[in-house]
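Bear in mind these aren't lab numbers, they're just calculated from the coordinates by the rules spelled out. The model shown is predicted, which means the values in this text are computed figures rather than measured ones. Glycine gets a Cβ as well: all are built from the backbone with ideal geometry, and neighbour counts include every protein chain shown.
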Amino acid sequence: MEELIEEARKRVLGSKRLVALTGAGISAESGVPTFRGKGGIWQRYKVTDLATPHAFAKDPRLVWEFYNWRRDLISKVTYNPAHKALVDLEKIVPHFALITQNIDDLHRKAGSKNLIELHGNIWWVKCSKCDYKAKDKRVPIPFPPICPKCGGMLRPDVVWFGEFLDMDTLNMAVSEVEKADTILVVGTSAVVQPAASLIGIGKKSGAFLIEVNLEPTEATPIFDISIRGRAGEILPRFI
Ligand code: APR
């Protein structure tokens with residue numbers, strides 16, 4: 001394992017265009033539950049009841065209870081050494097881009113600048129009817145949250161299952177992985193699309209792929225280096 005970490009460290013520090021792709025696992029050590037590991041959110045709740053447009057149409061109060069629970073939890077945690085290590089790498093490497101699937105805002109809190117949030121951000125709300133969008137840090141958001149512009153129901157500004165990602169955001173992410181010489185993938189099970197496909201796109205464009213995860217993932221076979229361990233312990237060793 002030591003030599004793997006050393007080789008990954010050399011690759012990361014020698015990179016001219018480094019892209020990091022993160023998932024829930026990078027925030028696990030901050031106390032934010034993941035989705036599919038043991039104790040994961042989708043082990044306890046049915047995603048179809050909580051994170052789909054249909055669920056919101058059927059029972060907006062339940063969906064807001066779920067997001068208020070997540071907002072309350074996330075408001076009480078902070079970034080961990082893994083988030084911080086990516087901030088340090090952004091200062092060292094000539095070109096760095098951070099693509100995250102997480103909505104917990106912990107990368108921004110840690111100080112990451114060139115940040116692409118594929119699935120939105122838990123501190124933003126948007127109207128389910130008009131184009132109104134706003135940052136809203138109230139915990140909890142009182143129900144029903146009404147759009148000040150049109151009177152429609154406000155919803156979390158996050159991407160739910162069955163919804164498309166913002167095309168500009170996705171295109172930015174694709175362009176970054178296509179130009180990367182090294183891609184560091186941390187704490188994602190690599191099963192949710194289109195985020196997971198960014199790994200294959202990077203590989204096809206010739207990037208060196210490094211994975212950091214507690215366990216093997218579906219994408220592990222295509223990685224040049226796959227390191228088993230906690231992100232909060234491994235990433236600081238790259239600096
Ligand atoms: N260090 C490194 N990896 C970890 C750690 C840790 N401390 N803890 C957990 N992991 C790994 C798990 O082994 C798993 O592979 O993080 C991964 C978390 O996977 P998921 O829970 O599936 O989270 P993620 O891949 O981000 O899910 C993608 O699914 O539910 C949707 O929109 C949601 O963005 C999310 C998307």
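In region 1-27, of all residues being of a type in the set (Gly, Ala, Ser) and out of contact with any Gly (no Cβ under 7 Å at 6 or more places or on another chain), the one that is nearest to the ligand (Cβ to nearest atom) corresponds to 27. Filtering region 160-182 to residues that are within 15 Å of the ligand (Cβ to nearest atom) and either among the aromatic types (Phe, Trp, Tyr) or buried (at least 21 other Cβ atoms within 10 Å of the Cβ) (or both) leaves 160, 161, 164, 173.
Considering region 196-216, and only residues there that are surrounded by fewer than 23 Cβ atoms within 10 Å (Cβ to Cβ) and within 11 Å of the ligand (Cβ to nearest atom), the residue that is farthest from residue 30 (Cα to Cα) turns out to be 196.
Scanning region 184-210 for residues that are part of a strand (DSSP E or B) and closer than 17 Å to residue 102 by Cβ turns up 184, 185, 186. The single residue among 219, 190 that is in contact with a Ser or Thr (Cβ under 9 Å, 6 or more places away or on another chain), under 20 Å from residue 107 (Cα atoms) and near the ligand (Cβ under 10 Å from one of its atoms) turns out to be 190.
Screening region 67-84 for residues that are β-branched (Val, Ile, Thr) and surrounded by fewer than 19 Cβ atoms within 10 Å (Cβ to Cβ) and picking the one that is nearest to residue 141 (Cα to Cα) gives 77.
Scoring residue 48 on the criteria (1) more than 15 Å from the ligand (Cβ to nearest atom); (2) within 16 Å of residue 159 (Cα to Cα) leaves a single failure, condition (1). Restricted to region 99-115, and to residues there that are of a type outside the set (Ser, Thr, Tyr) and more than 14 Å from the ligand (Cβ to nearest atom), the residue that is surrounded by the fewest Cβ atoms within 10 Å (Cβ to Cβ) is 113.
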